[in-house]
Structures are given as C-alpha cells and as structure tokens.
Amino acid sequence: MGFLTASDGRISEHVIDQGNIDKSTRLNIYKNAYETRLKEVIDTDHNVLSFYLGDELFDEMVSVFRQQHPSHNTSLRNYADQLPQFLKETLPFSEHPIISEIATFERLLMTAFDSQDATRFCQDDLHVVPTENWPELTFKFHPSVQVFYSKWNSVESWQALKSEKIPEPANRLSNCWLLWRNEERLTEFRSLNEEELSLIKLIVAGSSFSTLCEQLLQKNDEKDVPALALNYLSGWLNDGILRNI
Amino acid sequence: MHKEDHKGAKAPSVHSSKTAIPTDTPYLGFGLGLRTDHFHDVLQQKPALDWFEVVSENFMVDGGKPKYYLHAIRERYPMVMHGVSLSIGSTDPINYDYLRKLKVLANELQPEWLSDHLCWTGAHQTNSHDLLPLPYNEEALSHVVDRVSAVQDFLGRQILLENVSSYITYKESVMTEWDFLNEVAARADCHILLDINNIYVSARNHDFSCRDYLNGIAENRVRQFHLAGHSDYGDYVIDTHDHDVADPVWDLYREALKRFGLISTMIERDDNIPPLEDLLAELDVARRIANEVCNFDQPITPGNDTANHG
C-alpha cells in the first residue's frame, strides 16, 4: 500500500523480474490504476467542479487530495466525502470559497440521490385527516431532503456549467437551497425564501401545523395566513418532500 | 410470462449431451453484469438472458434509483452477488462491518451465491480499490483458509473465490496460482469462480500455460465462469474490461467447457460500456460455443426465450 499511496519502493524487493517487463513497469501498472481510479471517482462525483476548475487545477486538486486522503472505505461512493473540507482548508483552493461550496452542493446531490426510501405524505393522505386535527398535525421530511446554505453564487455557477454556459465571476450571494429526490427518483433543488426556511426549521424541530401558522402570523395579515399556510403545505406535498408517518 | 420464466430459470435440458451438468451444481445459464447504463433497457426490453451478476458494493446504499432498479430487475431475473472489498488475503482484521452490509444485501436479494476475489485490496485500513495478488506459499494459504472459513461461518453459506489478473510475482511464492486456489477451495470448502480472461491475462504476463491452469483446477469446485475483454500491449496485457472478449479468451473458454462441462457463464463489462444489445449478441457467442462443446441444444436466436426450453 505504501507504494500506491506514497511511492514507498520497498515492495520492489519482494517482486521478481519476468520476461521483457521489469518489475518497475509491473508495479507501475498498479500505481497508474490506483491513481486513475481515484481520479475518475472524483471526476464522476464532481463533474461540474472539474469543469469549473479546468483540467490543470482539477489535476492538482486530485493529486494533493489523493496524497492526503487515502481511501478508508470499502465503497468508492464515499471516497471524496472529505473533499469540500479539503478545499476549504487547502491553498490555492481555500482562497476561493466558492470552490468548496460547489463541492458541498454536489455531495448533497449525491446524498439526496441514494438516501433511504420512504412513503411520501401526499394530498390523499392529508384529505383523510379530519379538519379539527389539522392544528396538531406534525410532519417529517423524506430522508432525501437536504438544506444547503450558500454564501457565494455557487449553485448559480453550477447551474450555468451544467447548461454548458459560462458562469458569472464568483461573488458573495447568500442563499438557501432545498434538495430532494422526487417520486420519479430524480434529484431536484430550488431556493428557499426566509419564511419557508423558518417553517422548515420548525418542522424539523417537531412543531405542529398550528405553530407553523403562528410563525406566518409574525409577518403576514391574519386573514392571509390560512391560504399562505395551505399554499406552503400544498407545495411540499406536490414536491414530495414530506414522508408518511 | 417472461417474468415467471426467469424467476424459475433452471438449467437448460440436456438433449443428447456430450457433457452432463453435474447434478449438485446450481446452473444458471448465461448472464451479464448488471450496469447502471442498462437499468432502463433491462426493465423495458426484458432481454432474453438467464441471470445477472451485481457488484455488491454498488448497492450498499440506503435507497433511491440504484436500489429501485436492483429490486425491480431482481423480480424478473435470478441474481448473484459479486464483491470487490472482502480483501480475503489482507493482514487487516476481517471487516465485519462490511460483512454485515453484505449479509443485509444478500437477505434483500436472495442471490444464488456470493463471490469475491482471491486477493487483498488494502492494508492498515487503507483501501487500494484494486485486486492485489498474494504470495503463493503455505503461510498465505493458511491465512486465507482461516479467513474464508470465518467469512463463510459469518455469512452462513459457502462463497466463490475468483482468480484475479496479476502483473507481479512475489519472490516469496513457492507454488502456482492454480495450486494455491485449489488448496484454498479444498481446505476452506469454498467454490471457485474461474475468470477465463484473467487466466489468459496472467498467463501472458507471467508466461505460464493457460491449459496447465485449467487442468490444475479441481473440476468439482468451479461454479461460475467470467468472460471479459482486456487491453493487449504486446509485452503485457491489462485486464481492463473495456473491450469485447478477445479471440484467445473464447478459445480458452472452449477449453474450459471441455474440462468443467456446462458452468454458469457471464460477461463482465465495466468500462466503455456498449448498448445492451451488443452485450446480448456477445453473450450469444458464449452460448453458441457452449452449445458446440456441450451440445445442450439451447436456442440462441435473439427474442427466443432462453430459459424456457424444456
């Protein structure tokens, strides 16, 4: 392993020369395969990031990450879990925080893609709940649901590159995003406004529907709140982000 | 109808067979490795093949699209699980966390069998994600046998071990790879997955005879054949799984059928993956060769139901 991860040549003493191929060539077949395999994993998992960085910087990132982070997992699915943190802490990438943000976003998309399945809470399920029980109704999110806070235009840049367009230069842009896997098992995301985010935090904390409505009362007219609350709830049901409990 | 046929897929009837199927050998017919690129086509086209092999690690996830397709396809086809992380030869302790996940997946899928490789994949808790060869000597043999026994005890079933392609030979090796593999299988009472391409690749890289390898493997231990493509660089060959099966490997497959009889056969393609129909056509080549050698009269016309013939 030392030869693969750190070019420790001691293994050579245990390998024989055979035929036309010397042992150095033979050992390097393994080393090339190791390096290529890990690079391909990062390239696949962080396809947009690789476009954002360009070939030269991407190769540099892979090379340093591979040296600092040998794989400790049986599955390559988790090999680059530490990549966002690495990019946050390692020069020259750390000088551009948007790079780490793009990597974080891509890993959250992966999480949404293959997280646990669960039956969704849908309109029909809501209709069988007696109206008088609605105030005490609590909700749980589908396991695929993720919330991502961005401080830079990382998601906008990701979207541009995904559409094969040139992204805007990096700039500060605070935003919050909801990611999930829909009923067709496709990964989706959309931005969250401050109000919806506050409701989502309340749901995560186990608050009831009446508490959600009280939250809406803080910044809305009382007469508007029932329609507003229903509108949010309807949107969540249509998105399929609530699970049946 | 197709679904029922494949769920109940059995060995093809042997009409005037030259080589009988051993009665104690579960025989699945001709299969492919299940790859993400083909998920949709498999469900839509319900191709006429007998079984799929899945890479266990690819489905050790909680849910989502991979698991959905896996179970939907399992409803229609027999499956076997093929692992790449058992690291049976490693000096690290056996990874029971991995084995627990493997067992959970096996309980979900109810595969016909589980296989992995005669190799090591890492040490000091670091994974190479490669199939690294072992030194073939008594010390390694004893070590591997103990670990195979422990794994089989934990899983509650026999496993198949596959010969790997290799590019190096250790100074410490004192026996042939096939003698080592045989001894592991006999002492640990496990089965063998014989990769025909890997025999060819290693024979070219280490200058041994493929025929000696085949003749050296105990007939009663082999449960599955792998076929795959490789990259030939003249002085050496690399097991890349990104090409069609090469002619010398088809020749060797023919020899293997003569020695071992009709053995469940599949084509492993891991890169440069062609359309499903191309792999099905390649699988028909395997079926045709097997029919020529073993004369089991299995229809090979695309669209015919290969599992329902007798």
Legend entry - Sparsely packed trypsin sites (Lys or Arg not before Pro) within the stretch A:152-245, loop by DSSP, other Cβ within 10 Å at most 12: A:K165, A:K219
Inset, instruction - Once you've got the GNM for chain B with C-alpha springs shorter than 10 Å, pick whichever of B:L32, B:L262, B:L43 has the biggest mean-square fluctuation. - result: B:L43
Legend entry - HN-Hα J in Hz across the stretch A:8-25 - Karplus 6.51, -1.76, 1.60, θ = phi - 60°, x for Gly and Pro: 5, x, 5, 4, 4, 5, 9, 10, 9, 7, 9, x, 7, 10, 6, 5, 5, 4
Inset, instruction - Enumerate the whole-percent occupancy of each 5 Å bin, from 0 to the last occupied one, for all C-alpha pair distances of chain A. - result: 1, 5, 11, 13, 13, 12, 10, 9, 7, 6, 4, 3, 2, 1, 1, 1, 0, 0
Inset, instruction - Write down the Å³ per residue value for the convex hull defined by the alpha carbon atoms of the stretch A:1-106. - result: 112 Å³
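Out of the chymotrypsin sites (Phe, Trp or Tyr not before Pro) in the stretch A:1-70, which ones are loop residues according to DSSP with at most 13 other C-beta atoms within 10 Å? Please report the intermediate quantities before stating the final value.
Numbers: sites: A:F3, A:Y30, A:Y34, A:F51, A:Y52, A:F58, A:F65; in loops: none.
Qualifying residues, ordered by number: none.
Over chain B, what is the relative contact order in percent, taking alpha-carbon pairs closer than 8 angstrom and at least six residues apart? List each step's numbers first, then the result.
On the way: 572 pairs, mean separation 67.2, N = 310.
Taking the mean separation of contacting Cα pairs over the length of chain B, I get 22 percent.
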Inset, instruction - At a Cα cut-off below 17 Å, give the lysines reachable from B:K46, other chains included and same-chain residues fewer than 8 away excluded. - result: B:K3, B:K7
Legend entry - Rounded to whole Hz, the Karplus (6.51, -1.76, 1.60) HN-Hα couplings of the stretch A:121-132, x for glycine and proline: 8, 10, 4, 4, 5, 5, 5, 7, 7, x, 3, 5
Legend entry - Options A:L217, A:Q146, A:A160, ranked by Cα towards positive dipole end of the protein assembly as shown, top entry (Cβ charges): A:L217
Inset, instruction - Report the relative contact order of chain A, percent, no decimals, based on alpha-carbon pairs under 8 angstrom and at least 6 residues apart. - result: 19 percent
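Enumerate by residue number the GluC sites (Glu not before Pro) in the stretch B:159-247 meeting two conditions: DSSP loop (anything except H, G, I, E, B), and at most 14 other Cβ atoms within 10 Å of the site's Cβ.
On the way: sites: B:E162, B:E172, B:E177, B:E183, B:E219; in loops: B:E172.
Hits after loop and neighbour filter: B:E172.
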Inset, instruction - Springs between alpha-carbon atoms under 10 Å, Gaussian network over chain B: tell me which of B:Y253, B:Y167, B:Y96 tops the mean-square fluctuations. - result: B:Y96
Legend entry - Nearest-ten-degree value, helix A:225-239 long axis tilted from longest Cα axis of chain A: 40 degrees
Inset, instruction - Per residue of B:119-127, count partner chain C-beta atoms within 10 Å of its C-beta, then hand back the mean as an integer. - result: 4
Legend entry - Debye, to nearest 20: dipole size of the stretch A:52-104, +1 on Lys, Arg Cβ, -1 on Asp, Glu Cβ: 280 debye
Legend entry - Cross-link partners of B:K103 among aspartates and glutamates (Cα-Cα below 18 Å; sequence separation of 8 or more within a chain): B:E53, B:E57, B:D62, B:E112, B:D116, B:D153
Inset, instruction - Divide, for the stretch A:143-245, the radius of gyration over alpha carbons by 2.2 N^0.38 Å, where N is the residue count. - result: 1.23
Legend entry - Distance between modelled label sites at B:R100 and A:R172, nm, 7 Å Cα→Cβ extension: 4.6 nm
Legend entry - chain A: angle of helix A:194-204 to the longest principal axis, Cα-based, in degrees nearest 10: 80 degrees
Legend entry - Proxy reagent accessibility, fewest Cβ within 10 Å first, across A:T119, A:T90: A:T119, A:T90
Inset, instruction - Name the helices (complete DSSP H segments) of chain B with a Cα length along the long axis of 24 Å or more and a Kyte-Doolittle mean of at least -1.0, or state none. - result: B:138-155, B:276-294
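With Kirkwood's inverse mean 1/r over C-alpha pairs for Rh, give me the Rg to Rh ratio of the stretch B:3-309, two decimals please. Walk me through the numbers on the way to the answer.
Details: Rg = 18.5 Å, Rh = 19.7 Å.
With Rg and the Kirkwood Rh in hand, the quotient comes to 0.94.
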Legend entry - Cβ-derived FRET efficiency at R0 45 Å, B:N215 paired with B:D37, nearest 0.05: 0.75
Inset, instruction - Rank these for me by crowding, B:V61, B:V151, going from fewest to most other beta carbons within 10 Å. - result: B:V61, B:V151
Inset, instruction - Could you give the size of the charge dipole of the protein assembly as shown about its Cα centre, using +1 on the Cβ of each K and R and -1 on the Cβ of each D and E, expressed in debye and rounded to the nearest 20? - result: 860 debye
Inset, instruction - For chain A, set up a Gaussian network in which alpha carbons nearer than 10 Å are linked by springs, and say which option among A:W152, A:W180, A:W134 fluctuates the most. - result: A:W134
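For a test of understanding, tell me how many lysine pairs in chain A have Cα atoms under 17 Å apart, given they are 8 or more places apart or on different chains. Display every interim value, and only then the final one.
Details: A:K23/A:K31; A:K31/A:K39; A:K88/A:K151; A:K140/A:K201; A:K201/A:K219.
Final tally of qualifying lysine pairs is 5.
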Legend entry - Estimated translational D of the protein assembly as shown in µm²/s (Stokes, Kirkwood radius over Cα pairs; 37 °C; 0.692 mPa s): 125 µm²/s
Inset, instruction - Calculate the dipole size of the stretch B:39-175 relative to its Cα centre from +1 charges on Lys and Arg beta carbons and -1 charges on Asp and Glu beta carbons; express the result in debye to the nearest 20. - result: 440 debye
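Sort A:C176, B:C210, B:C119 by Cβ crowding within 10 Å, fewest neighbours at the top. Working shown, then result.
Working: A:C176 15, B:C210 19, B:C119 24.
Going from least to most buried by this count: A:C176, B:C210, B:C119.
Laboratory data are not the source of any read-out in this text; all were calculated from the coordinates shown. No experiment lies behind these values; they were computed from the predicted model shown. Using ideal geometry, Cβ is built from the backbone for each residue, glycine included, and neighbour counts are taken over all protein chains shown.
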